[in-house]
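> Could you have a look at this structure, given as structure tokens, before my questions?
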Amino acid sequence: MEPMKIAVAKGRIAETARELLSEGGIAFPDTLYDERKLLINSIDGNYQLLFVKASDVPTYIEKGAADIGIVGKDTIMEDGKDVYELQDLGFGSCQLVVAGFPGSFPEDTKSLTVATKYPSIAKTYFDKEGIRTEISRLNGSIELAPIAGLSEVIVDIVETGSTLRDNGLVILREIAKVSARVIVNKASYATKNIEVKQCIELLKKGVDDRRADNHNA
Ligand code: PRP
């Protein structure tokens, strides 16, 4: 039988996903997380983890190069790929926000310059607010944009808030709360339905067990 291919966003989501699978009895050969190894097989041969750049996970799933993906809701919202989004795993919680210098987004704003890794989310949000935008797409260090005069505000994710704080910026509006989600290839959901559901249950149980442990600690 073909292994269940799971594409995970490299970094903290990948580490957590691997731990959750291990806690559910799916063991992987190396105990250490190695950024350079891009694909690993479980010891029982039933699962394969593909370590993918977060923004590429939905493409792997839409095209069927992997059956299941684990990636942040922010990436799913930005991408709009044709996949099933089946489960909120609840970890990797962040806020998707408009941020900038205090006062840089007054109530009567009619137009704004925006820098972001999420141009589609930003356009949708500001269009709905009736605000004209000029959006610069960046790939990182987004908080630098208002400081360097590239944009008035940014649209970005905030986890601890320390990057904003360290750069003198504040949250001006919340767009959405985001966390790690399970997405599934549509054909895999039809042809491997039982295996897909088993895998999601295993991940979900791992998350629930951790929550219960934290609660009882
Ligand atoms: C993300 C995000 C913020 C930061 C927020 O960047 O774009 O810059 O994390 O985290 P915090 O609220 O805990 O400070 P990332 O670390 O992915 O780096 P990047 O600048 O290369 O996008």
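> Considering each of Ser111, Ser120, Ser151 in turn, give the residue that is under 18 Å from Thr75 (Cα atoms) and among the polar types (S, T, N, Q).
Every option except Ser120 fails the conditions.
> When the range 161-181 is examined, which residues are found to be of a type in the set (A, V, I, L, M), more than 13 Å from the ligand (Cβ to nearest atom) and over 15 Å from Ser93 (Cβ atoms)?
Leu172
Each row is one residue, and each column tells you yes or no for (1) free of Cβ contacts under 8 Å to residues at least 40 places away in the same chain; (2) assigned by TED's automatic domain parsing to the domain that holds Lys73; (3) in a helix (DSSP H, G or I).
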| site | (1), (2), (3) |
| --- | --- |
| Phe105 | no, no, no |
| Val114 | no, no, no |
| Ala122 | yes, no, yes |
| Phe126 | yes, no, yes |
| Asn139 | yes, no, no |
| Ile147 | yes, no, yes |
| Ala190 | yes, yes, yes |
| Cys199 | no, yes, yes |
| Leu202 | no, yes, yes |
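> I'd like the residue in the range 15-55 that is in a helix (DSSP H, G or I) and without any contact (Cβ under 8 Å) to a residue 24 or more places away in the chain and, out of all such residues, is nearest to the chain's Cα centre (by Cα).
Among those residues, the one meeting the criterion is Glu15.
> Could you tell me how many of the residues in the range 181-205 are under 13 Å from Lys5 (Cβ atoms), of a type in the set (D, E, K, R) and touching a strand residue (DSSP E or B) at 6+ places or on another chain (Cβ under 6 Å)?
Summing the residues that are under 13 Å from Lys5 (Cβ atoms), of a type in the set (D, E, K, R) and touching a strand residue (DSSP E or B) at 6+ places or on another chain (Cβ under 6 Å) in the range 181-205 gives 1.
> Filter the range 61-74 for residues that are part of a helix (DSSP H, G or I) and crowded, with 24+ Cβ neighbours inside 10 Å and give the result.
Matches in the range 61-74: Ile61, Asp74.
> Only one of these is of a type outside the set (D, E, K, R), out of contact with any Lys or Arg (no Cβ under 7 Å at 6 or more places or on another chain) and within 16 Å of the ligand (Cβ to nearest atom): Gly90, Gly100, Gly130. Name it.
None of the other options fit; the residue is Gly100.
> Here is a follow-up. Report every pair of residues separated by at least 6 positions or lying on different chains whose Cβ atoms are under 8 Å apart, first residue within the range 151-164 and outside the structural domain of Thr113 (by TED's automatic domain parsing) and on the phi < 0 side of the Ramachandran plot, second more than 6 Å from the ligand (Cβ to nearest atom) and in a strand (DSSP E or B).
none
> Next up: Have a look at Gly90, Gly69, Gly25 and point out the one that is of a type in the set (Gly, Ala, Ser), under 13 Å from Val182 (Cα atoms) and modelled with pLDDT under 95.
Criteria check complete, one pass: Gly90.
The values are calculated or read from the model by the stated rules, or taken from the named source; none is laboratory data. Only a predicted model underlies this, so the values are computations on that prediction, with no experimental measurement involved. Backbone-built Cβ (ideal geometry, glycine too); neighbour counts: all protein chains shown.
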